[in-house]
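Below you'll find the structure, written out as structure tokens, and then a few comments.
The values are calculated or read from the model by the stated rules, or taken from the named source; none is laboratory data. All of these numbers come straight from a predicted model, not from anything done at the bench. Note that each Cβ is placed from the backbone with ideal geometry, even for glycine, and that neighbours are counted across all protein chains shown. Calculation scope for accessible area: heavy atoms of the full protein, side chains included, ligands and nucleic acids excluded. Shrake-Rupley method; radii C 1.70, N 1.55, O 1.52, S 1.80 Å.
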Amino acid sequence: FYCNLSFSNKVILAPMVRVGTLPMRLLALDYGADIVYCEELIDLKMIQCERVVNDVLETVDFIGPDERVMFRTCSKEKDRVVFQMGTADPKRALAVAQLVENDVAAVDVNMGCPKEYSTKGGMGSALLSDPDKIEAILTTLVRGISKPVTCKIRILPTIKETVNLVKRIEKTGVSAIAVHGRMKEERPRHPVHCDYIQAVAESVSIPVIANGGSVDHVKTHDNIEMFREATGASSVMLARAAMWNPSIFRSQGAVSVDEAMEEYIKYAVCYDNNTFNTKYCLCQMLKDRVESPMGKRLHAAQTSAEICEVFGMTDFYKKAQADLEARKSYLQANSSSLSDQPTLDGDVITMAVKFERREYPPQITPKMYLLEWSRKEKLEQPVYETEQRAQDRAFQSTVTVANKKYRSTLWSKSKKFAEQAAAIVCLRTLGVPEGRIGEENSGLVNKRKREERKQGISEDSGITDSTNRKRRITEGSGDE
């Protein structure tokens with residue numbers, strides 16, 4: 001059971017590339033936004049993601065094959081976050097929607113972005129010239145998921161064409177439609193066409209969300225209602241006005257940009273936002289001050305710690321990091337005893353484990369250790385059977401060793417990783433080393449290790465490489 005999100009009489013944070021990541025969405029909600037849209041995420045990238053519950057940050061992360069967090073969300077926004085995707089394919093759109101639907105309040109299809117990265121794949125505003133495809137995508141989504149479906153369009157060259165398209169969209173069963181009152185060729189400097197939005201609002205019965213008023217119409221919170229009245233829309237969606245100062249959503253009036261930036265940084269640090277993403281958003285808020293001494297120091301910052309230093313928030317950063325480390329230690333102490341216990345599922349021994357490449361030295365894998373162990377014990381070599389599930393194309397592998405089957409209950413993003421996870425379950429159940437960094441030497445010397453020793457490569461260099469990689473991944477989590 002869930003509360004169906006209403007799009008009537010709402011003030012909304014618009015989807016913005018690079019801006020609409022978790023810190024900005026949470027900040028907008030704090031200041032009074034009713035609904036927040038994430039940045040447009042491309043179906044081809046999302047379909048490769050694995051859904052991971054991050055107990056340390058208390059978030060749900062959708063992680064790509066390159067270990068990058070494509071989408072991060074948390075319970076605080078669950079009932080008010082709309083997942084916006086870029087898509088030109090109904091099947092892919094549905095697969096992505098089904099992957100995220102239990103973690104978001106609604107799903108939106110971007111039909112308004114005029115940027116080349118969106119339009120070149122037939123997505124974004126390129127869809128406006130293909131109403132049959134629009135219909136197919138939206139109908140598939142409405143039928144295929146339990147959450148509300150919406151879309152965001154730009155206006156067509158005439159009011160009549162725009163109204164006709166919107167009427168056709170309404171028939172698909174979408175819950176609302178956002179209208180950016182500019183044509184796909186127009187840019188922010190061009191005035192927004194309030195008359196087009198008004199015509200759309202009068203022609204359909206579903207809520208219409210007016211967008212595009214940040215420059216001409218909405219400079220303060222009071223202007224939001226004026227823009228709603230000028231367009232006759234049910235709700236208002238803000239992009240750049242909110243990007244410059246998210247406290248535009250505050251009914252008591254905006255706070256200073258400096259205060260908003262400080263609050264933004266707090267969320268960015270606590271939710272381990274990608275450093276360069278944080279920097280990008282702060283630079284948007286600085287606007288003309290980006291060339292000031294503080295702006296230049298921000299531009300030079302390479303880590304979250306350095307960003308905090310620029311804003312005099314080093315103490316906050318240290319405390320937040322200490323809290324995260326304490327939580328990590330607590331979780332490790334309390335979970336290892338439970339998750340490491342093998343469970344019998346039919347005739348298969350299972351454990352909830354994942355293969356994390358960064359936990360092993362280069363060229364060392366659990367599969368190699370299992371093969372070596374099998375040879376040493378004079379057993380037949382391990383046999384892997386792998387299956388792929390349709391909805392998110394994830395893999396699960398079962399390994400048979402000495403007539404016993406082993407499998408991880410967690411699905412993996414690739415066939416190779418699924419096989420490694422199965423090997424880990426087998427090795428841990430048998431109490432055999434698996435080759436992880438910091439593990440005591442197993443005494444198994446495999447061929448690659450012998451070759452490395454011949455070449456004079458020490459194991460320490462592998463550990464250093466892996467540690468550096470781990471650090472890069474941690475700092476690189478979040479969206480671009």
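Odds and ends about this structure:
- Chain lengthening between residue 439 and residue 135 when straightened (0.36 nm per residue, less Cα-Cα): 103.9 nm
- Under 5 Å, built H, 5+ apart or other chain: amide partners of residue 17: 40
- In this structure, residue 161 and residue 4 have a Cβ-Cβ separation that, at R0 = 25 Å, corresponds to a calculated FRET efficiency of about 0.20.
- Å² of accessible area per residue within the chain, as computed with a 1.4 Å probe and no ligands counted: 47 Å²
- On the range 61-148, 46 percent of the accessible area sits on carbon and sulfur atoms, based on a 1.4 Å probe.
- Distance between modelled label sites at residue 404 and residue 190, nm, 7 Å Cα→Cβ extension: 6.9 nm
- Measuring r between the beta carbons of residue 356 and residue 255 and using R0 = 41 Å, the FRET efficiency lands at 0.50.
- Cα-based shape type of the range 211-315, given that a ≥ b ≥ c are square roots of the gyration tensor eigenvalues and the cut on a/c is 1.5: prolate
- Set of the range 305-328 residues, backbone N closer than 17 Å to the point 7 Å along the Cα-Cβ line of residue 53: 328
- Where labels lie 7 Å past Cα in the beta-carbon direction, separation of residue 168 and residue 303 in nm: 5.4 nm
- Distance violations [Cα-Cα > 26 Å] among 133/160; 76/287; 328/354; 10/279: 76/287; 10/279
- Taking amide H atoms as placed 1.01 Å from N in the peptide plane, the amide H of residue 71 lies under 5 Å from those of 62, each 5 or more residues away in sequence or on another chain.
- Amide hydrogen neighbours beyond the local backbone of residue 108, cut-off 5 Å, H modeled: 83, 84, 85, 150
- Under 12 Å from a label point set 7 Å out along the Cα-to-Cβ vector of residue 44, the amide N atoms of the range 96-134 belong to 117-123.
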